[in-house]
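Each remark here refers to the structure printed beneath this line.
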Amino acid sequence: MNNFGVRDIDVVVIGAGQAGLSGAHHLRRVGLVPDRDFVVLDHSPQPGGAWQFRWPSLTYGKVHGMHSLPGMELTGADDDRPSSEVIGAYFAAYERAFDLRVHRPVDVTAVRGSEDGRLLVETSEGTYATRALINATGTWDRPFWPRYAGQGTFRGWQLHTSDYPGPQAFAGQRVIVVGGGTSAVQHLMEIAEVAAETTWVTRRPPVFREGPFGEDQGRAAVALVDKRVRRGLPPQSVVSVTGLPVTEAVRQARENGVLGRLPMFDRITPEGVAWDDGRTVEADVILWATGFRAAIDHLAPLKLREPGGGIQVDGTRAVRDERIHLVGYGPSASTIGANRAGRAAVREITRLLERQVSLA
């Protein structure tokens with residue numbers, strides 16, 4: 001039930017993960033006041049963004065490339081503590097320190113245009129009429145499940161990374177892990193210690209990256225993702241174009257054969273998976289570490305998607321609607337990218353608000 005009718009506000013921020021909190025921080029820096037000039041809406045039950053849902057065995061020491069939020073460093077964290085706890089506590093402290101007043105849990109169901117030029121943000125606590133929108137909804141709510149022939153016949157357990165409970169659930173099981181990203185590698189290395197057997201399957205041969213990953217390589221990777229979203233194509237994750245970092249644990253797993261990879265199977269059988277060349281692998285579990293897609297269905301009424309399937313953006317601004325800024329989308333999907341995107345979005349939104357006032 002709605003708590004109120006239509007409420008006027010200058011900016012709505014949807015999502016309170018890294019990108020949303022960065023945007024909210026920069027809105028405060030330019031003088032906007034939470035709950036008066038802007039509002040932050042988050043559908044999660046508590047602070048932490050998607051991090052709060054990560055599996056317990058993903059400790060903070062195993063996290064790659066977590067950058068602090070703007071204006072407040074994350075220091076003194078225990079590497080052996082679950083990342084969900086460390087980052088959840090950090091985000092909560094950040095919200096308090098900058099008095100961001102995040103509304104949660106609030107579900108955003110749709111964003112529509114209105115006759116007076118504002119955007120109507122329909123939510124579980126009512127409708128906001130806003131001049132600009134920062135969309136920072138990430139990807140965690142849209143796990144990607146590929147479809148293969150025979151998938152419904154499998155007698156074992158199928159699950160996605162989003163529901164991964166930690167390695168102990170797979171003790172004594174024959175497990176197939178599907179996917180070529182960092183999560184797949186982490187799952188394999190954990191599960192292999194307790195499972196009866198593990199098999200790694202990927203669509204493309206994995207690319208392992210030795211040595212440091214500097215600013216030049218990072219800029220090149222981001223540029224590849226940026227090129228896609230500027231063309232209106234669905235974004236790839238930044239991680240997908242950086243390769244898999246070779247840590248000491250990864251090096252040992254490769255030597256032990258844990259990361260020996262098979263090409264993608266052609267179909268799923270009741271007992272496991274099969275290839276057209278006659279090869280089969282029996283399994284009790286198929287774990288789909290196949291990534292996520294951008295959670296942007298609530299923007300569908302605005303018709304922002306291009307024929308290629310994505311939303312074309314210039315920086316953070318949606319090309320089809322200058323009032324909409326997407327942060328944590330495409331090239332800004334990394335934690336450092338999200339910080340920069342929040343600042344860039346607010347810079348453009350400030351100009352937009354100034355123009356609107358001058359024309360009023």
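The values are calculated or read from the model by the stated rules, or taken from the named source; none is laboratory data. Note that this is a predicted model, so its numbers are computed, not measured. Counting neighbours? That spans all protein chains shown, and the Cβs are built from the backbone with ideal geometry, glycine included.
On inspection, Thr130 does not qualify as farther than 30 Å from Asp10 by Cβ, hydroxyl-bearing (Ser, Thr, Tyr), in contact with a Lys or Arg (Cβ under 7 Å, 6 or more places away or on another chain) and surrounded by 15 or more Cβ atoms within 10 Å (Cβ to Cβ). On the given criteria, is Thr280 polar (S, T, N, Q), in contact with a strand residue (DSSP E or B) (Cβ under 7 Å, 6 or more places away or on another chain) and either at pLDDT below 95 or surrounded by 19 or more Cβ atoms within 10 Å (Cβ to Cβ) (or both)? In short, no. Within segment 189-205, no residue that is at positive phi and without any contact (Cβ under 8 Å) to a residue 60 or more places away in the chain sits with its Cβ atom under 8 Å from a residue that is acidic (Asp, Glu) and part of a helix (DSSP H, G or I) at 6+ positions apart or across chains.
Reported count of residues in segment 96-129, each being within 14 Å of Leu299 (Cα to Cα) and part of a strand (DSSP E or B), is 11.
Going by what's in this entry, would His26 be described as in contact with a helix residue (DSSP H, G or I) (Cβ under 9 Å, 6 or more places away or on another chain), under 27 Å from Ser124 (Cα atoms) and in contact (Cβ under 8 Å) with a residue 60 or more places away in the chain? So His26 fits the description; yes.
Each row is one residue, and each column tells you yes or no for (1) in contact with a strand residue (DSSP E or B) (Cβ under 9 Å, 6 or more places away or on another chain); (2) among the polar types (S, T, N, Q); (3) surrounded by 18 or more Cβ atoms within 10 Å (Cβ to Cβ); (4) in a helix (DSSP H, G or I).
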{"residue": "Gly328", "(1), (2), (3), (4)": "yes, no, yes, no"}
{"residue": "Ala345", "(1), (2), (3), (4)": "yes, no, yes, yes"}
{"residue": "Arg355", "(1), (2), (3), (4)": "no, no, no, yes"}
{"residue": "Ser358", "(1), (2), (3), (4)": "no, yes, no, yes"}
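In this structure, does Val177 turn out to be touching a His at 6+ places or on another chain (Cβ under 8 Å), within 16 Å of Val281 (Cβ to Cβ), modelled with pLDDT of 95 or more and not assigned by TED's automatic domain parsing to the domain that holds Ala338? Criteria met by Val177.
Checked against (1) modelled with pLDDT under 90; (2) touching a strand residue (DSSP E or B) at 6+ places or on another chain (Cβ under 7 Å), Glu248 passes all but a single condition, namely (2). With respect to (1) touching a strand residue (DSSP E or B) at 6+ places or on another chain (Cβ under 6 Å); (2) in a loop (DSSP other than H, G, I, E, B), the lone exception for Ala294 is condition (1). Kindly indicate whether Ala300 is crowded, with 24+ Cβ neighbours inside 10 Å, in a helix (DSSP H, G or I) and either touching a residue at least 60 places away in the same chain (Cβ under 8 Å) or not assigned by TED's automatic domain parsing to the domain that holds His67 (or both). It is false that Ala300 is crowded, with 24+ Cβ neighbours inside 10 Å, in a helix (DSSP H, G or I) and either touching a residue at least 60 places away in the same chain (Cβ under 8 Å) or not assigned by TED's automatic domain parsing to the domain that holds His67 (or both).
This table checks each residue for (1) among the basic types (Lys, Arg); (2) closer than 23 Å to Ala184 by Cα; (3) surrounded by fewer than 23 Cβ atoms within 10 Å (Cβ to Cβ).
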| site | (1), (2), (3) |
| --- | --- |
| Val11 | no, no, no |
| Gly23 | no, no, no |
| Val30 | no, no, yes |
| Pro34 | no, no, yes |
| Asp42 | no, no, no |
| Trp55 | no, yes, yes |
| Tyr60 | no, yes, yes |
| Leu74 | no, no, yes |
| Ala92 | no, no, yes |
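Val102 passes every criterion in (1) in contact with a Ser or Thr (Cβ under 8 Å, 6 or more places away or on another chain); (2) surrounded by 16 or more Cβ atoms within 10 Å (Cβ to Cβ) apart from (1).
Looking across segment 44-53, the residues that are crowded, with 18+ Cβ neighbours inside 10 Å and assigned to a loop (DSSP other than H, G, I, E, B) come down to Ser44, Pro47, Gly48. The set of residues in segment 80-90 being touching a helix residue (DSSP H, G or I) at 6+ places or on another chain (Cβ under 9 Å) and surrounded by fewer than 18 Cβ atoms within 10 Å (Cβ to Cβ) consists of Asp80, Arg81. Among the numbered conditions (1) under 28 Å from Gly315 (Cα atoms); (2) modelled with pLDDT under 95; (3) surrounded by 15 or more Cβ atoms within 10 Å (Cβ to Cβ), the only one that Val108 does not meet is (2).
Evaluate the following for Thr290: is it touching a helix residue (DSSP H, G or I) at 6+ places or on another chain (Cβ under 7 Å), touching a residue at least 24 places away in the same chain (Cβ under 8 Å) and crowded, with 19+ Cβ neighbours inside 10 Å? Taking the combined requirement at face value, the residue does not satisfy it.
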